[in-house]
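Shown next, in structure tokens, is the structure this report addresses.
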């Protein structure tokens, strides 16, 4: 199993910290936008639109929370020395994959294994 250089790990850490900042900004901005919406009264159409806006807001917040957790877990893996190791195969994750998705937990092979087992158990 190959290991990564310190500069590569540092580059990934900087990407992760930038992603964390961007996610936090998106959370704050969407909360501010949602807070400014008029959610009171109106006719049925207005109430329906308000409910749809609330649903969109909650869905977006859930996705951002999940992504933020992945980024935090990746930062923790860097600190513990487990960054870049596939959770499925225990092999090193491809460098290009980590550059594209620095919070990934799986190598391409590991992702294929996990997807295959997910499909098998979904039947």
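When every residue of the range 46-53 is checked against the conditions, none turns out to be crowded, with 16+ Cβ neighbours inside 10 Å, in contact (Cβ under 8 Å) with a residue 60 or more places away in the chain and either over 30 Å from residue 116 (Cα atoms) or out of contact with any helix residue (DSSP H, G or I) (no Cβ under 7 Å at 6 or more places or on another chain) (or both). For the range 42-50, check the following and say yes or no: at least one residue is assigned to a loop (DSSP other than H, G, I, E, B) and either within 20 Å of residue 107 (Cα to Cα) or at pLDDT below 95 (or both). Yes, some residue in the range 42-50 is assigned to a loop (DSSP other than H, G, I, E, B) and either within 20 Å of residue 107 (Cα to Cα) or at pLDDT below 95 (or both). Would you pick out the residues in the range 96-123 that are surrounded by fewer than 16 Cβ atoms within 10 Å (Cβ to Cβ) and under 28 Å from residue 10 (Cβ atoms)? Of everything in the range 96-123, those that are surrounded by fewer than 16 Cβ atoms within 10 Å (Cβ to Cβ) and under 28 Å from residue 10 (Cβ atoms) turn out to be 96, 99, 100, 101, 108, 109. In the range 55-75, is there at least one residue being at pLDDT 95 or above, within 18 Å of residue 6 (Cα to Cα) and surrounded by 13 or more Cβ atoms within 10 Å (Cβ to Cβ)? Yes; the residues of the range 55-75 include at least one that is at pLDDT 95 or above, within 18 Å of residue 6 (Cα to Cα) and surrounded by 13 or more Cβ atoms within 10 Å (Cβ to Cβ). The residues in the range 83-123 that are in contact (Cβ under 8 Å) with a residue 24 or more places away in the chain, out of contact with any helix residue (DSSP H, G or I) (no Cβ under 8 Å at 6 or more places or on another chain) and assigned to a helix (DSSP H, G or I) can be counted, and the count is 3.
The values are calculated or read from the model by the stated rules, or taken from the named source; none is laboratory data. Note that the structure is predicted; figures quoted are calculated from it, not measured. Virtual Cβ from ideal backbone geometry, glycine too; neighbours counted across all protein chains shown.
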